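Working notes, beginning with the structure itself.
What follows is calculated from the coordinates using simple rules that are stated; it is not laboratory data. This is a predicted model, so every value here is computed, not measured. A quick note on method: Cβ atoms are made from the backbone with ideal geometry, for glycine too, and the neighbour counts reach across all protein chains shown.
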Amino acid sequence: MKREHTIQSLGTLVQLRTLDVDRLQADLASQEATRTRYQNNLARLDALATGSGATGTLPPALALNCGAYKQNVMAMADLHRTDLALHEANMAVAQRQLTAAWTRRELLGKVLEQQQVQLAREQDRIMRKREDDIATQSWLAGRTA
């Protein structure tokens, strides 16, 4: 009875660890989508800065305006790059957490599997002993009759 309770408790723990792994996987997928958005935004900002053309061929007022525009776009791109780097660092932490959670879940799964195998062996041993006892009683009853 005690081993069955242990198996039931381990099963519950494995389910909880699986939920934790699933939650961390969903979180990491969300972070990956955010990273993709950052990368797409950076590509667009780079295209905007490049697409505004050369400022040297424009009249002075337009050149000043275009230069300020490019400077602002490049500053925004730099901020996005910094945010992306921080986000990727957070993603690395989340990936390590996911790996650790997955390892914990697998280890508990192995322990659960071992306990189940031991219980099956124990139940098989009890069943064989019972069958042997019945066979012995049957054989003894046949000898005395």
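The table below lists the values:
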read-out: Most to least packed among 59-65, 10-16 [average Cβ atoms within 10 Å]; value: 10-16, 59-65
read-out: Estimated FRET transfer efficiency (Gln71, Arg104; beta-carbon r; R0 41 Å; 0.05); value: 0.25
read-out: Within a Gaussian network of the chain (alpha carbon springs, distance under 10 Å), most fluctuating of Arg81, Arg130, Arg37; value: Arg130
read-out: Percent RCO, i.e. relative contact order, over the chain, from Cα pairs under 8 Å lying at least 6 residues apart; value: 41
read-out: Ascending count of other beta-carbon atoms within 10 Å, so fewest first, for His80, His5, His87; value: His5, His87, His80
read-out: Cα centroid separation - the stretch 84-101 against the stretch 117-145, whole Å; value: 57
read-out: The chain - charge dipole about Cα centre, Lys and Arg +1 at Cβ, Asp and Glu -1, debye rounded to 20; value: 360
read-out: 222 nm mean residue ellipticity, helices alone, for the chain (DSSP H n ≥ 4; -39,500 (n - 2.57); rounded to 500); value: -35500 deg cm²/dmol
read-out: Extension gain, Gln118 back to Asp27 (0.36 nm per residue minus Cα-Cα distance, nm); value: 29.1 nm
read-out: Base-10 log of normalised Debye intensity for the stretch 1-107 (one unit scatterer per alpha-carbon) at q = 0.16 Å⁻¹; value: -0.80
